[in-house]
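Visitor: Below you will find the structure I want to go over with you.
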Amino acid sequence: MPAFIETQFPIARLSAESYKERKAVSGQTLTGLGKWWGRKPLVLVRAAIVGMLMPASNDPKRDREVFLKIMTMDDDGAWARCKPPVQRKLGRTGFDALPYAERIAECERPENVSGPTEQSWADINAHLGTTATTLPELIDQLGQRAFGHRPRVGDSFCGGGSIPFEAARIGCDAYGSDLNPVAGLLTWASLNLLGCGPEVQAEVMRVQAEALAAADQQVTEWGIEHNARGERADAYLYCVEVKPEGCDYYIPLAPSWTIADKFNVVAQWHRDADSDRLRPDVTVVSQAEYEKYKAKKGATMVDSRVVDPFNPARTWSVEALRGPEGLRRWSGDDVVPRPGDVFQERLYCIRWVDADGKRRYAAPDADDLAREARVLALLQERFEGWQREGFIPSLAIPEGGDKTEEPIRTRGWTYWHHLFTPRQLLLLGYISERLQAGSGNRVAAAFGLITVSRAANWNSKLCRWLQPQGGGIGGGVETFYNQALNPLLNYSVRPLTSMRTALPSLGQSELLEPQTVVALQDARDVSTRCDVWITDPPYADAVNYHELADFFLAWYDKLLNRTFPEWTPDARAELAVRGDGDDFRRSMVDIYRNLARHMPDNGLQMVMFTHQNPAVWADLGMILWAAGLKATAAWTISTETAIGGMKKGNYVSGTVCMVLRKRISDEPGFLDEVYPLVEDEVKRQIASMQVLDESGEPNFNDADYQLAAYAAALKVLTQYGSIDGRDVEHEVFAKREKGQVSDFQAVIERALGIACNVLIPKGLDSVWRELTLVERYYLRALDIESRGERRNGMYEELARGFGVTDIKPLLKSDKANGARMYTPSGLAGANLAPVGSTGEMSPPTKRGRGSSGALHPFASSSLRHLLFAIRETAAADNSPDLGRQYLRDTFGQAYWGLRERFVALLEWFTELGNAADMPEWAEDAEAARILAGRLRNDHA
Ligand SMILES: C[S@@+](CC[C@H](N)C(=O)[O-])C[C@H]1O[C@@H](n2cnc3c(N)ncnc32)[C@H](O)[C@@H]1O
């Protein structure tokens with residue numbers, strides 16, 4: 001019996017929910033614990049698990065209703081999640097009238113409500129033959145039925161832990177493993193800190209609070225954050241400074257010296273006769289003056305060149321400052337630059353807060369500088385001991401990484417602690433020591449590690465200063481605001497008071513009942529059996545997990561082992577799956593073969609992948625096939641969709657969820673038998689999606705249909721162990737010339753062609769068969785444009801489906817996210833059409849030719865002549881006679897046979913004028929309408 005997800009999946013609603021969850025940023029359940037990249041939305045994980053455990057019946061409509069009820073994503077469920085004031089404002093009818101994405105904007109997320117109502121449970125149980133009153137009960141009953149026990153869900157690439165966490169939360173036993181210890185700890189923390197219940201949580205929060213209180217007392221005693229006016233610092237701003245050749249003073253570097261947009265605060269630099277260090281002045285300027293600073297007045301770093309603040313004509317290249325040999329590499333005991341180093345570092349602004357909470361910005365005075373010196377001395381006293389104990393990092397930054405090389409090359413920082421100022425190390429080291437001392441058990445010790453590493457993310461020299469804006473007070477941005485390690489010219493440092501907001505929070509406090517296991521393991525070595533595997537493997541252009549995570553690992557290093565003696569605190573980068581070449585494929589085949597071995601025959605897998613290009617999916621499909629799996633469905637969830645953007649389709653990227661089962665028998669297949677099966681399957685798949693699309697809100701866009709075509713082909717192919725006597729694994733690794741595809745891939749690609757022929761733009765059914773491939777391409781491309789598709793890749797993919805090799809002459813714009821087709825008038829301008837209105841065809845110019853120099857197939861198509869007639873009509877102020885005459889002259893007697901087709905096409909173009917977001921079609925659409933009228937009434 002197929003699972004629900006193998007027959008359908010509510011893509012539009014789920015995309016809206018996933019997006020809503022992502023948009024919550026720090027309000028997401030797991031992000032509060034710490035940084036991981038590419039976390040999967042919990043609602044998607046929940047839907048995947050429910051969809052895999054719920055069997056499909058022969059009533060797809062009812063299946064869908066019941067599935068949505070379980071997810072609280074049905075109309076009643078969404079209404080129940082709607083916040084009371086909004087309920088009162090909109091009323092039920094008004095609420096239901098809104099598109100789903102807008103409806104849920106003011107709703108709680110499904111994870112934050114208690115679940116389906118009593119009535120919904122009655123409906124769910126009636127349909128599924130269950131007796132559940134909670135989600136875990138339902139999961140248990142479905143698992144018992146399918147596997148004879150509570151279902152066990154595993155993820156061998158668990159990263160931040162979304163999959164095992166959500167699995168456990170809805171009642172599955174959960175297994176999570178990852179190669180990386182930082183990921184392991186985050187996953188462990190999600191399960192054991194969010195799932196440990198309120199009492200244990202209160203205990204770990206107490207340990208954290210005590211450590212902070214102790215730090216507060218200590219910092220006060222040291223006197224390093226308070227001044228004589230009774231104020232306390234809440235932000236420090238530092239910058240780099242250099243003394244280029246020929247300059248007899250150090251130049252502090254920044255691309256702009258604005259400090260607080262909201263209050264017109266800037267830093268100005270002055271020269272004192274007796275010093276080669278400039279003196280900062282932090283001051284409030286007039287609005288007019290501030291505007292000049294915003295426009296880079298006084299900027300000392302412009303276009304990668306150092307600019308003399310007193311003579312902007314004098315500049316030096318930064319790269320040249322580093323010298324031919326590169327910078328001096330800092331040694332392990334360096335915590336600040338040495339006097340001769342090219343890049344010096346200095347404090348230039350402090351933000352103070354008084355007892356009433358009033359803030360002011362000031363340049364450091366002599367006392368402040370003395371406090372800086374005291375901080376350095378205090379750190380130096382503790383440095384060795386703390387490194388030995390592991391309270392501050394002592395590891396070197398690995399060389400040769402894509403991301404980790406940046407700090408080494410641009411600053412000479414060779415150890416992780418070089419990414420922190422003495423003030424940051426002193427504070428973080430102190431807190432780390434206190435947290436470990438106060439932790440009586442594993443949960444508290446793990447929380448200590450999480451606390452320090454999260455604080456490190458928010459308090460390193462890689463933290464940009466975010467100016468106070470709107471209602472915000474400003475502050476440091478996290479180190480990993482992007483997926484890189486880029487040293488900054490000026491940065492912010494948090495004293496203790498502003499560290500509180502950088503600490504992890506424990507949003508949830510439920511006691512998770514299911515059994516959970518977290519392991520640190522290469523996915524090839526997983527030896528735990530799971531009924532369902534859900535994985536989200538790293539891919540090609542994705543994140544350099546092992547490099548970035550080393551930033552955190554440097555803080556765990558020696559401590560991790562005390563809490564988790566079974567874990568090696570090493571990223572084992574050499575085992576990390578990456579790239580997209582043969583090595584990558586080999587590891588992936590090995591890993592998925594291992595997972596297939598560790599699931600029952602009726603088990604299920606889902607592989608999630610975020611990639612724009614459906615062709616990449618064909619490749620992944622081959623890998624999974626070679627691993628002994630067969631594909632049963634694939635769905636794209638647009639996790640990055642803007643609210644309302646779904647209709648327009650302008651989302652950044654979708655997460656594709658491929659559902660797979662174990663291939664039990666290795667039957668041989670034959671290509672000539674496979675082709676017709678693929679054709680049937682593609683058509684069947686598309687027809688079933690169209691039915692769902694037409695019966696409610698639009699669910700699928702073009703990319704979904706294309707993907708479905710690939711998936712349908714894979715569904716057929718992957719049932720077989722070999723095709724025409726050729727083994728799949730052999731085919732995956734066979735050496736090929738660039739651009740050459742295997743016969744197997746050719747089948748998959750053919751699916752796209754089949755899909756293209758099935759997906760006829762609405763209103764063109766009667767003429768479609770009579771059109772050439774390039775004409776169909778132009779019309780289908782316009783069709784997707786009219787529905788808001790702007791991704792260039794989709795236009796290229798369509799072209800592949802129609803076998804059109806050169807689309808450039810037809811595209812007005814081929815920008816990555818701004819693709820558009822030419823309008824009739826635009827095409828004329830593009831020289832595809834003849835210049836004379838009634839005369840003969842002029843020789844096509846260069847743009848009309850394909851890249852090979854041959855005439856572009858569109859140039860002589862009848863559609864293109866029709867487009868030209870539209871343009872003629874528009875150019876003649878919508879008098880249709882010239883256009884009609886042009887068609888009659890061009891086609892002679894054939895015109896009468898073509899007339900009806902032209903009218904149908906013109907009517908279709910008329911409709912484009914009504915499409916949102918296609919304003920440039922307005923005039924041509926009107927011309928098409930008028931010309932259609934003229935042609936309809938034409939008589940020989
Ligand atoms: C896309 S992430 C998973 C994100 C996760 N699903 C989440 O929601 O946070 C991929 C993970 O694969 C891990 N990884 C890479 N190579 C691995 C290997 N050979 N074995 C196990 N895990 C590996 C990386 O450390 C990374 O955490």
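Readers should treat all values here as calculations from the given coordinates under stated rules, not as data from a laboratory. What you see is a predicted model; the values in this text were computed from it and never measured. All Cβ positions, glycine included, derive from the backbone under ideal geometry; neighbour counts span all protein chains shown.
Visitor: Could you state the angle between the C-alpha long axis of helix 84-97 and the longest principal axis of the C-alpha atoms of the chain, as a value from 0 to 90 degrees rounded to the nearest 10?
Guide: Around 20 degrees separate the two axes.
Visitor: Can you give me the Cα centroid spacing of region 165-216 and region 323-369 in angstrom?
Guide: So the separation of the two Cα centres works out to 35 Å.
Visitor: Could you put THR610, THR404 in order, starting from the residue whose Cβ has the fewest other Cβ atoms within 10 Å?
Guide: The order, fewest Cβ neighbours first, is THR610, THR404.
Visitor: What's the angle, to the nearest 10 degrees (0 to 90), between helix 60-70's Cα axis and the longest principal axis of the chain?
Guide: 20 degrees
Visitor: Take each of the peptides 728-738, 130-140, average the number of other beta-carbon atoms within 10 Å over its residues, and list them starting from the highest.
Guide: 130-140, 728-738
Visitor: If R0 is 45 Å, what FRET efficiency do you get for ALA915 and ALA437 from their C-beta distance, rounded to 0.05?
Guide: It comes out at approximately 0.10.
Visitor: Averaged across orientations, what area in nm² does the convex hull of the alpha carbons in region 371-465 project?
Guide: With every direction weighted equally, the projected area is 7.2 nm².
Visitor: Okay, next question. How much of the pair distance distribution for region 105-181 lies past 19 Å, counting alpha-carbon pairs only, in percent?
Guide: Tail of P(r) above 19 Å: 48 percent of Cα pairs.
Visitor: Order these by the 10 Å Cβ neighbour count, fewest first: THR632, THR283.
Guide: The order, fewest Cβ neighbours first, is THR283, THR632.
Visitor: As a quick test, which of the pairs LYS20/LYS815; LYS262/LYS461; LYS297/LYS403; LYS61/LYS715 have an alpha carbon distance above 30 angstrom in this structure?
Guide: The answer is LYS297/LYS403.
Visitor: What does the charge dipole of the chain about its Cα centre add up to, to the nearest 20 debye, if the Cβ of each Lys and Arg holds +1 and the Cβ of each Asp and Glu holds -1?
Guide: 1180 debye
Visitor: To continue, here is another question. How high is the FRET efficiency from ASP96 to PHE263, r the C-beta distance, R0 45 Å, rounded to 0.05?
Guide: 0.45
Visitor: Also, quick follow-up: For region 479-526, what is the Kirkwood estimate of the hydrodynamic radius, computed as the reciprocal of the mean inverse distance between distinct Cα atoms, to one decimal in Å?
Guide: Taking the inverse mean of 1/r over all distinct Cα pairs, region 479-526 comes out at 16.1 Å.
Visitor: Can you tell me how much longer the chain between ALA273 and ASP881 gets when fully stretched, taken as 0.36 nm per residue apart minus their C-alpha distance, in nm with one decimal?
Guide: Gain on stretching ALA273 to ASP881: 210.4 nm.
Visitor: Distances longer than 17 Å among the Cα atoms of region 45-89: what percent of all pairs is that?
Guide: 42 percent
Visitor: What distance in nm separates the two pseudo spin-label positions at ARG593 and GLU900, each 7 Å out from Cα along the beta-carbon direction?
Guide: 5.9 nm
Visitor: Would you mind pulling out the separation of the Cα centroids of region 530-595 and region 252-272, in Å?
Guide: Spelled out, the Cα-based centre of one part sits 43 Å from the other.
Visitor: Please give the length that would be gained between ASP666 and GLU737 if that part of the chain were fully extended, namely 0.36 nm times their separation in residues minus their C-alpha to C-alpha distance (nm, one decimal).
Guide: 22.7 nm
Visitor: If each residue's Cβ is checked for other Cβ atoms within 10 Å, how do ILE473, ILE49, ILE251 rank with the fewest at the top?
Guide: Ranked by crowding around the Cβ, least crowded first: ILE473, ILE251, ILE49.
Visitor: When you have a sec, figure out the Kirkwood radius of the chain from all distinct Cα pair distances and drop it here in Å to one decimal?
Guide: It works out to 31.6 Å.
Visitor: Across 5 Å bins from 0, what is the distribution of all Cα-Cα pair distances for region 1-94, in whole percents?
Guide: 2, 12, 20, 19, 17, 14, 10, 5, 1
Visitor: Additional query: Just going by the charge dipole of the chain, with Lys and Arg at +1 and Asp and Glu at -1 on Cβ, which of ALA445, SER26, ASN878 is farthest out on the positive end?
Guide: ASN878
Visitor: Taking Cα centroids, how far is region 736-795 from region 279-293 in Å?
Guide: Computed from Cα coordinates, the inter-centre distance equals 58 Å.
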